[in-house]
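Down below is the structure, laid out as C-alpha cells.
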Amino acid sequence: MMSGEGSLKRKLCMSEKVKIELMDDGPLIVSGLQSLEDSTGGEMETRKKIALCRCGASNDKPFCDGSHREVDFKSGVVPAARSSVSCKEGNAVIRLLENGPYEVCGDIELCSGDDSGLSADNPYYLCRCGASENKPFCDGSHKQIGFTDK
Ligand code: FES
C-alpha cells in the first residue's frame, strides 16, 4: 500500500536498533550510531541522535543546519518502509565518501513511509548532495553537479 507524501515525517522505527529515518524534504535522522567516519576514515563526533544533511546545502556538513528550507529541497515520495540489513563485519557505521554519498554499513535500520519493499544491499549509499533522481539512494549525480564536502 502506498502512502501519501508527508507520511514519512512521523513514522517511527519500531526497533531499538541503530536507525536512519528519512525526513520529508529534510535530513536523515540517525539514532544510536556509535561510529561516524569522515572520508579519510577518521572518527567524527556523534551523539545519541544526529541530523545528517542530504540536500547538499548545509554549511555545517555532514550535519544539517536547516539550509534545506532555504534551498527548498524536495526529497520526493519514497515508496519504501524499513529495510534492515546486516554488515558482514558487524559494526554499524556511516562513512562520508569524499565529495559523494553516505556509505551505510552494518545493522542499521532504514525507516520511511510504508511497507512497499525498499531493499538495500549492504553496504548501501544514501545521497547527500540533494541531486539524486533515486532518493534516498545515490545515483552518481553528485559528480555531475560537482558536489563537494565543503
Ligand atoms: S550523493 Fe547525491 S547522487 Fe550521489
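Each reported figure results from applying straightforward, stated rules to the coordinates on display, with no laboratory input. Just so we're clear, the structure is a prediction, and the values are computed from it rather than from any experiment. Heads up, the Cβs are rebuilt from the backbone with ideal geometry, glycines too, and the neighbour counts pull from every protein chain shown.
Each of Thr40 and Asp72 was given a label point 7 Å from its Cα along the Cα-to-Cβ line. The distance between the two points is 3.9 nm. Between Lys150 and Asn122, the modelled labels are 3.7 nm apart [label points 7 Å from Cα along Cα→Cβ]. When Lys and Arg each count +1 and Asp and Glu each count -1, what net charge do the other residues less than 9 Å away from Tyr102, Cβ to Cβ, add up to? So the surrounding residues net to +2.
Amide H contacts for Ser39 (H built 1.01 Å from N in the peptide plane; partners 5 or more residues away or on another chain; cut-off under 5 Å): Leu96. Around Asp139, what is the net charge, scoring Lys/Arg as +1 and Asp/Glu as -1 over all other residues with Cβ under 14 Å from its Cβ? Summing Lys and Arg as +1 and Asp and Glu as -1 gives +3.
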